[in-house]
1. Along the three principal axes, how long is the chain when you take its alpha carbons, biggest first, rounded to the nearest angstrom?
2. Fully extended, how many nm does the chain gain between C14 and I124 (0.36 nm per residue separation, minus their Cα-Cα distance)?
3. Under a 5 Å amide H to amide H cut-off, with H placed in plane at 1.01 Å, what residues pair with C31 once short-range neighbours are removed?
4. If you look at just the Cα atoms of region 1-67, how large are its Rg and its Dmax in Å?
5. Can you list the HN-Hα couplings for region 61-73, worked out from phi with the Karplus curve (6.51, -1.76, 1.60; θ = phi - 60°), rounded to whole Hz and with x for Gly and Pro?
6. Name the long-range amide H neighbours of L129: under 5 Å, sequence gap of 5 or more, or other chain; modelled H, no Pro or chain starts.
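What follows draws every value from the coordinates through simple rules; no lab data is involved. Keep in mind that what you see is a predicted model, and the values were worked out from it rather than measured.
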Amino acid sequence: MAEVPGHITGRCYCGGITLSSQEAPQSVAYCHCIDCRRITGAPVAAFAAFGENAVQASPAWPVSKSFTPGVSRWFCPDCGSPLAAAFDYLPGQLYVPLGLIDQAAKLPPELHAHEGCRLPWLQIADDILRLDGTSRTSLRVVADATE
Ligand SMILES: [Zn+2]
Ligand SMILES: [Zn+2]
């Protein structure tokens, strides 16, 4: 991923919260799971995974919320945009919705997670990795292969 931008910026829908990272994402993935559909309202979500301390929020990270054990989520307190999520089973990483990121055009997803939950009418023509589940191992394989 030589051309991946090293400085990442983004913001929520209303612009009240801006995000930035001096580090490129470790991996970028589609997620077809039902939780991601509900949290984004979209038929498929896409996320960039960063190191857990790589992303700064301005003016500050809001208080996190947890609706599911083992999952922490951050939302803009004004417009409600999902800003980030952290998962106990993916330790050390913070997942930021790709749609918030200004450089998204240069961050193509490297895999489909939870392909088994994909809506049957949603056809994305690509030849990237498709996994029925997700795991840190799989995400790390992609990240390691591209470093
Ligand atoms: Zn907002
Ligand atoms: Zn998901």
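1. Principal extents (largest minus smallest coordinate, Cα): 39, 34, 26 Å.
2. Values: separation 110, 0.36 × 110 = 39.60 nm, distance 2.93 nm.
So the chain would gain 36.7 nm between C14 and I124.
3. For C31, the qualifying residues are A45, A46, F47, A113.
4. 13.2, 37
5. For region 61-73, the Karplus-derived couplings read 5, x, 5, 6, 10, 10, 9, 10, x, x, 10, 10, 10 Hz, x marking Gly and Pro.
6. Counting only residues 5 or more places away or on other chains, the set is H112.
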